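What follows is a set of notes on a single structure, which appears directly below.
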Amino acid sequence: MSGAPNKLSLSCSTRRISGCYEALDGGNTGDALVDFTGGVSEPIDLVEGGYANDEAKRNLLFERVLKVYNRGGLISCSIKAVSAADMEARLDCGLVKGHAYAVTNVQKVRLGHGLLAFFKSEKLDMIRLRNPWGEREWNGPWSDTSEEWQKVSTSEREKLGMTVEDDGEFWMAFDDFCTYFTDIIKCRLINTSYLSIHKTWEEAVLKGAWTRHEDPLKNRCGGCVNNRETFLQNPQYVFDVKKAEDEVLVCIQQKPKRTSQKEGKGENLAIGFDIFKVELNRTYRMHSLQTKVASSIYINSRSVFLRTDLKEGRYVVIPTTFEAGHVAEFLLRQFTDVPSDFQELTLDEPPHTCWSGICGYPQLVSQVHVISASGLKNQGSEEVDPYVIIKCEGEKIRSPVLKNTMTPEFDVKGLFYRKKPRQPVIIQIWNHNLITDDFLGQVALVGDPDELHPLHILHLQDRGSKRVSDLPGVLKVQLLSSNVLTSI
């Protein structure tokens with residue numbers, strides 16, 4: 001069975017937001033690649049990234065471009081035109097500004113002749129491009145008639161399909177490519193097929209919208225984080241990273257402003273998104289900023305993509321327009337190694353139900369932030385693999401296990417809506433074992449909303465003892481509480 005991505009299903013996901021092929025006419029190259037393949041587009045600014053002068057970054061970029069090419073992805077590049085007069089201006093080296101060159105081959109080309117070349121194994125990173133005009137080529141090193149090709153055997157040139165014609169297609173050393181070109185766009189075809197020899201991604205696709213409402217608190221078009229008063233009014237989506245660390249791909253596509261030729265052409269909004277690490281058990285919308293772990297660029301493109309590595313835990317992604325008040329529909333796509341339970345957070349607080357009068361409604365919200373511990377000891381072994389359990393009114397959450405440390409940096413949070421404010425929050429530290437875990441100690445905190453100093457450094461205590469019994473180690477924890485359930 002072929003390992004190629006399911007192009008049909010991906011194209012369908014794109015049509016959910018575009019509507020029809022007529023709506024895809026025009027626009028920039030990155031948008032076109034996404035629209036017609038269902039892949040995700042990753043633009044790279046070669047100048048801003050300093051690739052021409054950084055060999056390590058250049059080598060890493062080449063490996064990624066080679067991987068995208070070998071997996072059937074599409075790649076485009078261009079030289080930025082800074083003015084209207086610059087458009088289609090031809091440089092002395094033969095390249096043309098403002099053109100979307102197609103990358104037609106990426107190879108490590110073997111240099112030398114005969115057996116000596118085979119055993120020496122000297123290779124050069126090369127890339128082949130095509131001018132959309134079908135003529136006018138690069139005339140520098142490794143151009144069609146350059147003497148550099150004498151370093152390559154006839155069989156190697158045949159394998160590369162090397163021709164000496166003014167057909168618009170030409171080879172360049174990747175070093176020269178990074179020197180002359182300013183932008184490259186990689187369109188990755190994400191493999192979601194389980195019948196594949198290559199890495200299979202778990203895909204989640206959600207439709208959303210930035211909308212206005214008469215009630216400002218119900219607005220869902222708050223703009224980027226620069227708009228601090230309204231930022232958290234944007235749509236919010238929660239997901240879990242279930243491995244110790246996972247590569248996460250996120251792509252947002254805005255619905256084109258133009259859906260037919262009759263409606264005319266509209267400009268894309270500047271869009272992007274931020275990702276925040278939140279409490280392990282959060283099920284309601286964020287109302288205060290938490291730790292930002294990743295952020296996309298903001299650009300007036302139809303599609304914005306981000307690849308990032310995240311540690312185990314729960315996260316919230318907030319897609320936004322750059323300016324507040326803009327309305328539009330969008331498609332949010334996420335790819336992870338294992339299912340992430342990706343879903344929208346729609347409620348601000350626990351809902352009132354018919355049971356609220358009988359069972360009670362929360363009077364207090366508390367955020368428990370277990371920061372770190374130190375001085376831990378375990379009687380049975382010198383090694384400690386600690387983790388935290390947070391308990392509150394029958395709810396319990398457990399942190400990931402940290403390996404072999406007496407001074408763990410937990411940085412884990414829990415969020416509790418409390419009906420019994422005087423009942424303490426219990427925080428326990430355990431040592432993970434193959435058979436039975438060892439209890440290392442606990443602390444208890446009430447969490448008064450009027451408390452002026454929410455940060456605590458507490459000695460660990462034994463459990464079930466009527467008298468205070470200190471155990472080795474201290475725990476650093478912050479407990480924030482409020483009578484307003486939408487404050488955290």
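The values are calculated or read from the model by the stated rules, or taken from the named source; none is laboratory data. Source: prediction; values computed, not measured. Here the Cβ positions follow ideal geometry from the backbone for every residue, glycine too, while neighbour counts run over all protein chains shown. These accessible areas exclude ligands, DNA and RNA; they are computed on the full protein's heavy atoms, side chains included. Shrake-Rupley method; radii C 1.70, N 1.55, O 1.52, S 1.80 Å.
Brief remarks on what is shown
- Subset of segment 133-158 (residues that are farther than 13 Å from residue 170 by Cα and among the small types (Gly, Ala, Ser)): 153, 155
Each row is one residue, and each column tells you yes or no for (1) closer than 30 Å to residue 287 by Cβ; (2) surrounded by fewer than 16 Cβ atoms within 10 Å (Cβ to Cβ).
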position: 365; (1), (2): yes, no
position: 384; (1), (2): no, no
position: 406; (1), (2): no, no
position: 409; (1), (2): yes, yes
position: 412; (1), (2): yes, no
position: 436; (1), (2): no, yes
position: 444; (1), (2): yes, yes
position: 448; (1), (2): yes, yes
position: 460; (1), (2): no, no
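- Residue match in segment 362-372 (condition: more than 30 Å from residue 252 (Cβ to Cβ), of a type in the set (S, T, N, Q) and without any contact (Cβ under 8 Å) to a residue 60 or more places away in the chain): no
- Answer from 269, 280, 332 - the residue that is outside the structural domain of residue 32 (by the TED database) and free of Cβ contacts under 8 Å to residues at least 60 places away in the same chain: 269
- Any hit, segment 466-477, residues being closer than 30 Å to residue 348 by Cβ, open to solvent by less than 70 Å² (accessible area, probe 1.4 Å) and in the same structural domain as residue 383 (by the TED database): yes
Table: residues versus (1) surrounded by fewer than 21 Cβ atoms within 10 Å (Cβ to Cβ); (2) closer than 16 Å to residue 304 by Cα; (3) free of Cβ contacts under 8 Å to residues at least 24 places away in the same chain.
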site: 34; (1), (2), (3): no, yes, no
site: 39; (1), (2), (3): no, yes, no
site: 48; (1), (2), (3): yes, no, yes
site: 57; (1), (2), (3): yes, no, yes
site: 68; (1), (2), (3): yes, no, no
site: 78; (1), (2), (3): yes, no, no
site: 85; (1), (2), (3): yes, no, yes
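- Test result for residue 382, in the same structural domain as residue 461 (by the TED database) and within 35 Å of the chain's Cα centre (by Cα): no
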